[in-house]
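Beneath this line is the structure, given in C-alpha cells, with notes to follow.
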Amino acid sequence: MLATDTKVTTGPAASIRLSLDAPSPLTGTGSFLVADGEDTAMVRAELLDSTGALADQADAEIVFAVKSGDGKIWATHNGDASSHEDPHGPRHQAYHGLARAFVRSTSDHATPLAHRRRLLEVDLEGGISTRVAIGAAPGALPPIIVTATAAGLKPATLAIPLSADMANLPLAVAARASANVMQ
C-alpha cells in the first residue's frame, strides 16, 4: 500500500475551549501580558464536539467578556477574510469552529514613573481607557479573567497572567531568545 487517506467527521459544537496564542511560550511571545496600557493578548476560542475534536463546521456566535482584571476586549475576528462583522465588538461568529479575541491591558503599572505621571497630565480621556498606577510598583498583579459564551454551550474561562515588568514584552522576550541562540 502506498498511501492512505482518512477523513474524520466531527459532530456539532458541544463546548468552547479558550487558549492563549500570545502571550505564550509556545509562540515565543513570553508568559505574561504587560500592564502598560498597550500590550495585547490574543485569545483563541475553539468550538469542540462531544469528543473534544475541533467542530470545524461550527459557526456559533461567540461572545467574549472580561470578567475581572485590568483588561478589555479590544477586537474580535474569526479569520474569514470575507466577514463583514464589526471587529470592534465583543462578539464574532466562529469560522471553521474558531474565533479570536484581542484583550488589551487597561492599566499602566509598567512604564517608567515619569512617563505615567506625564500621562496623567495629558490624558484627554481622564483615565477612562487606561488606569495609570502611581506609587510603589505592585507585587504580583491579578490576572485578567476572560470568558467566552455561545448559545447552548457551557461558558469557557481563561486567566491571562499580568506583569509590571517591561522585560516581559514580546520584543524583549524575542531579543533574549535570539541572544541565547547566538551564544
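No lab work stands behind these numbers, since they all come straight from the coordinates. Note that the structure is a prediction, hence the values are computed from the model and not measured. Methodologically, a virtual Cβ is constructed for each residue, glycine included, from the backbone with ideal geometry; neighbour enumeration extends over all protein chains shown.
Values as computed for the structure displayed
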| read-out | value |
| --- | --- |
| Region 142-183: C-alpha gyration tensor shape, a/c 1.5 cut-off, then a/b vs b/c | prolate |
| Length released on extending from residue 50 to residue 166, taking residue separation times 0.36 nm less the Cα-Cα span | 37.7 nm |
| Dipole in debye (nearest 20) - the chain, about Cα centre, beta carbon charges: Lys, Arg +1; Asp, Glu -1 | 420 |
| Calculated volume of the Cα convex hull per residue in Å³ (choose from [x] 179; [y] 145; [z] 110), label | [x] |
| Dipole-positive endmost among 53, 71, 4 within region 1-71 (Cβ charges, Cα centre) | 4 |
| P(r) weight above 18 Å for region 1-75, C-alpha pairs, percent | 57 |
| DSSP-loop GluC sites (Glu not before Pro) across region 1-86, with at most 16 other Cβ within 10 angstrom | 38, 85 |
